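Notes to accompany the following structure.
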Amino acid sequence: MSTVTKQPRKAEKAEEKAPATVFEPSILAFACNWCSYAGADLAGVSRLQYPPNVKLIRVMCSGRVSPIFVLEAFKKGADGVIITGCHIGDCHYQDGNVKAETMFKKLAEVLRVLGVEPERLRLEWISASEGQRFATIMTEFTEKVRKLGPLLSPEQIKAQETGPAESSDLKELVRETGVYQCIECGKCTGGCLMARFNPQVSPRLAMKNFFVSYFSHKQPLKLLSMDEVWYCLTCETCHYHCPAGVDFAKFIVWLRSEAIKLGKTGTPTHGGVMHAMMEFQALGLKQNRLDWVDSSAQVDEKSDTMYYVGCLPYFEPIFTETGAHPLAMARNTLKILNALGIKPSVYEGEVCCGHDLYWTGNIEGFKKLAALNLENIQKTGVKRIIFSCPECFYTYKILYPQFFKTVEVETVHMMQLLDEKIKKGELKLGRLEGKFTFQDPCRLGRLLAIYDEPRRVLKSVKGLDLQCMEEIRKESICCGSTHWVSCSSYTKQLQKYRLGQAVDTGASTLLTACPKCQIHLSCAAKDLKTKMKIQDYTEIIVQAMEQA
Amino acid sequence: MSIQLQATKKQDPPDEETPRIGVFICHCGANIAGFVNVEEAAKYASSLPDVAFVQKNLYTCSETGLREIKTAIKEHKLNRVLVASCTPRTHEPLFKSTCQEAGLNRYLFELVNIREQCSWVHMQDPVRATEKAKQLIRMGVARVALLEPRQEITVEVTRKALVIGGGVAGISAALSIAASNIPVILVEREKELGGLLRDVNKLYPTLGAASELVDEHVKKLQKAPLIKVMTRAKVLNVSGFIGNYKVQIDSAGEQIEDTVGVIVVATGARIMIPNGMYGYDGKNVVMQTELERRLKDGSFSARSVVMIQCVGARVPEREYCSRICCMTAIKNAILIRETYPETEIFVVYRDIQTFGTLYEEDYRRARELGVGFLRYGLAKLPAVDEGGVTVYDELLGKNVRIPYELLVLSAPLVAPEGVTELSKMLKVPLDANGFYLEAHAKLRPVEFATDGVYLCGCARWPCDIGDAVYQGRGSAARALIPLRKGKVYAEPLYAEVNPNVCRDCRRCVESCPYSAITTVEETVHGYQRTVSKVNPVLCKGCGACSVLCPTGAIGMKHYDNTLIMAMIGKAF
């Protein structure tokens, strides 16, 4: 036991000091085990002083620092995050630091768009012999972040805490989704796209397991495997097939929100960055989400029409390596709108619509974002919102009214607008030769029954040969992921199957109308080395406009 | 769905026990207690969730301190231990063993560094140093509560080695390994052993006959019963990992299969044929090897010789220095001047690289013997006509024409055929020039990053006979470590793939520097799928694959996202 009972003199003295009034930033440092952590140790052994603001987490390699760690740190109250590793060429694991650098660049861009000043994130190489360098960098970084001030206010941090989980009204849910109407015919499983490739998935069985768990054990999730809860694509093919009208996708959302309460989250893709980035947008930081707007684009802050861009500026840095260009969709949409004589507003204060959070059962997160968007509508006084993303469109049109009764604004998807304007002859399109095929996005198609508009729009381009894939419209096959969970060998099979159908049409390009279809099918096409070109339909429209 | 990214909810520990954490805070004499209020930190620690016991120690690492930990584990039924003291780099093994001695799994331990990274670096501000120590302990408690028990991985090593390549490097490696009583299979592609050495007349700097050296080595091989020499042989397939490589070899049509513990790559190099350069025809314009052959069999008769150095070396398409050509040219020039004193010799060079003591001596000797040296630059290459070479002498600043009867070209060593095939088989990398890339030129020479595979000689980069022998012996010394131990131990800190969410994109496979990840085909509920699988023995636990994985399928044992996220959650 301790024999030191008396406080050392130095400590006593310090306690008498008046409380500091200067801002003390919270700095989180990640250090690789082999170089930088040892460098920090050397700083200690050499008694080199640096501010106590810095707290260090040891990882084996700087390449281990997942972007989600950094996002989480900023969300939880870090004012600055520094990642440290071995110098290039000295990595204990060959090139882990090079991997860290690649990750860092992408992450820095996402954080910049989110509104986190670039100076708050830093990457430094510090060797085991550079104790002085460690102390100097930490001191300098702390002072720099001190000048920037706090990233989040204590209120913003506190607002993220969720209270005790509400117990959901099960009876209401059962009534709303109609699961009790299930006649166990199995058509849902027969039609289920996931079940085609993953024999472990069965909507019918999931519902049955739910009922048995609920009535026999009073624990709704007891007999459900997490596979059943998290593999669902929420494409609603089952809903379309069901003769009893069971809304299985909605039921899944409920199951997921219950699973989260039990700590059983699914496996988010991309290290969970997508969901974290969406939640981050609810914190109220001033984002930099409009840098992509070209100087030639005509936008009008006071316009009563708003173009709702969605998460495209975030997808861009993350997915360029798949060959997808999510921001091209935004630029093209603006070009088309301008050509139609519309000068829309694009709003810096826009936040994610919350689609993905809703479908992963994070209802609280969804509601926060939705509330911010609805507040923005009031603030800006817009009368009409135009969407390029089918998911945002669906969320505004269908989900917001379910949670908030008043959404008094006209919502239009680009496909609808184009269809109307082309019919009226208000958009001149030139000739464009080529064989194409079209992927119905589930949110636009099965969920909103917008099937004819895209076809009419594309066919209005002279010379464009639009071929039909085997399964289209209500039967259309999902791109493999709608809300960044459960990407697997099964979804890859699904994508392979879909791309095969596209190839069979003889088309050289598969046109998509949803950024996720574009991203996931581009990734699959690259992965499977198919020659099918994946392109957003707005690119074709813009090309046709230029030919006019 | 075992990977959980959100750390907001705590996972139940796998042993179904509620964590009972013991926190031991070290004073380290006055090193910690002089600046951190240990009393206050201890009080704070006892308020943290799952903490069942808190104790302050004067020196936790002392006999008394360690005994106190052991006693507390037993008396307070602790199932997790956290020590807040100094750096894990020095003291973690000691505390882990202490836990183990008290019957607690050694991986249910966490060390929080409140000395090197707190008391010693915040000496002027004890109040905030105490505050930071409390936060670090809080983060550590969050982590230790989620730790799972683990077992160290042990793999038996097959006491047998495969050496690929029967040149002087490979032979040296084989002899050294066999000298330690370990059986060796030596595979040579050609009919005869000796590799490039067989084309050499005399060796620099001793001027001994190369054939004698070959004979001597072959004789030694014949006397080594533990070495099985296979000529006209080829490695067809390699699978497995350190200690357990399954190899398939074809020897003159006969196929054998065997298991070896380690593999030494000594596949050597070949000399680039300077086709289309400086009028190369193999008669009057020849390579150094042809000159060596003529000197050896006495058919050499030229009265004037010009040698051009760096033919196809240190040029944009082949930037490296072949390392042996300067000394080869100087050696042959000396031999000619000594045997045929009337023959005039000019060496047309870009830079002469005769490093070390003995080689520089030879250069001086060649000059003394009247060998002429003319320097050219890349901007103006020597021009060859029938009977003469025109060199723009950079030092004189004018063209000089030297007549020749024999023009000798010094062409570089290049990677031999089949390296790509073998590198894929062994899953080891090649550099841009097709030479094998070792783990680290200074920290881990003659070794690949992949455990159990070593390299030596010209397979690595051009080297001369002396270097090949050094490297052969060096690689053998490294290979003998696992071979002699008979076992390989690996810390159970490795990546693990959740096959249910792996989509076989192979980003992890391609990025792993240790070839620890491969893909396997499996059948689940009658459905075929290909997924990645990590070999825990080869995995070094860097965790980069888990960050690269687009589907979130890869978790890291002992450093999982859940654990790090839990620490981040408690950092502020």
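The values are calculated or read from the model by the stated rules, or taken from the named source; none is laboratory data. Being a predicted model, the structure only gives us computed values, none of them experimental. In this analysis, Cβ positions are derived from the backbone assuming ideal geometry, glycine residues included, and neighbour counts consider all displayed protein chains. Surface accessibility is based on the protein's heavy atoms, side chains included, excluding ligands, DNA and RNA. Shrake-Rupley method; radii C 1.70, N 1.55, O 1.52, S 1.80 Å.
The table that follows gives values for the structure above.
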read-out: Residues located in the range B:20-41, provided they are open to solvent by 10 Å² or more (accessible area, probe 1.4 Å) and more than 8 Å from chain A (Cβ to nearest Cβ); value: B:Arg20, B:Cys28, B:Gly29, B:Asn31, B:Glu40
read-out: Checklist (1) farther than 28 Å from A:Lys492 by Cα; (2) away from every other protein chain (no Cβ under 14 Å); (3) open to solvent by less than 10 Å² (accessible area, probe 1.4 Å); (4) among the β-branched types (Val, Ile, Thr) applied to A:Val174, failing item; value: (3)
read-out: Helices (runs of 4 or more DSSP H) enclosed by the range A:203-255 - at least 1 residues per element that are of a type in the set (A, V, I, L, M) and buried (at least 20 other Cβ atoms within 10 Å of the Cβ); value: A:203-212, A:226-230
read-out: Pick from the range B:171-186, criterion touching a residue at least 60 places away in the same chain (Cβ under 8 Å) and of a type in the set (S, T, N, Q), ranking: nearest to B:Ala459 (Cα to Cα); value: B:Ser172
read-out: All helices (runs of 4 or more DSSP H) inside the range A:58-160 with 1 or more residues being more than 8 Å from chain B (Cβ to nearest Cβ), of a type in the set (Gly, Ala, Ser) and within 25 Å of B:Pro550 (Cβ to Cβ); value: A:96-114
read-out: Count - residues of the range B:155-176 that are of a type outside the set (D, E, K, R) and either more than 21 Å from B:Gln248 (Cα to Cα) or open to solvent by 30 Å² or more (accessible area, probe 1.4 Å) (or both); value: 7
read-out: Top-ranked residue of the range A:362-410 - restricted to ones that are of a type in the set (S, T, N, Q) and in a loop (DSSP other than H, G, I, E, B), ranked as least open to solvent (accessible area, probe 1.4 Å); value: A:Ser388
read-out: Filter pass, A:Ser62 being open to solvent by 10 Å² or more (accessible area, probe 1.4 Å), of a type in the set (Gly, Ala, Ser) and within 20 Å of A:Thr136 (Cβ to Cβ); value: no
read-out: Residue list for the range A:256-299, filter: within 21 Å of A:Val351 (Cβ to Cβ), without any contact (Cβ under 8 Å) to a residue 60 or more places away in the chain and open to solvent by 30 Å² or more (accessible area, probe 1.4 Å); value: A:Leu290, A:Val293, A:Val299
read-out: B:Glu342 vs. criteria of a type outside the set (Lys, Arg) and over 25 Å from B:Ala468 (Cα atoms); value: yes
read-out: First in the range B:348-374 and in the same structural domain as B:Arg323 (by TED's automatic domain parsing) and within 19 Å of B:Leu207 (Cβ to Cβ), second anywhere and open to solvent by 60 Å² or more (accessible area, probe 1.4 Å) and in a helix (DSSP H, G or I), Cβ under 8 Å, 6 or more apart; value: B:Thr354/B:Glu360; B:Leu369/B:Glu338
read-out: Single condition B:Gly486 does not satisfy, out of (1) open to solvent by 20 Å² or more (accessible area, probe 1.4 Å); (2) away from every other protein chain (no Cβ under 11 Å); (3) touching a residue at least 40 places away in the same chain (Cβ under 8 Å); value: (1)
read-out: Residue within the range A:453-475 that is assigned to a helix (DSSP H, G or I), open to solvent by less than 40 Å² (accessible area, probe 1.4 Å) and within 15 Å of A:Ala525 (Cα to Cα) present; value: no
read-out: Checking B:Arg314 against (1) buried (at least 21 other Cβ atoms within 10 Å of the Cβ); (2) touching a Lys or Arg at 6+ places or on another chain (Cβ under 9 Å), the condition it does not meet; value: (1)
read-out: Sole exception among (1) open to solvent by 10 Å² or more (accessible area, probe 1.4 Å); (2) out of contact with any Lys or Arg (no Cβ under 7 Å at 6 or more places or on another chain) for A:Leu312, by number; value: (1)
read-out: Checklist (1) open to solvent by less than 20 Å² (accessible area, probe 1.4 Å); (2) more than 7 Å from every other protein chain (Cβ to nearest Cβ) applied to B:Glu521, failing item; value: (1)
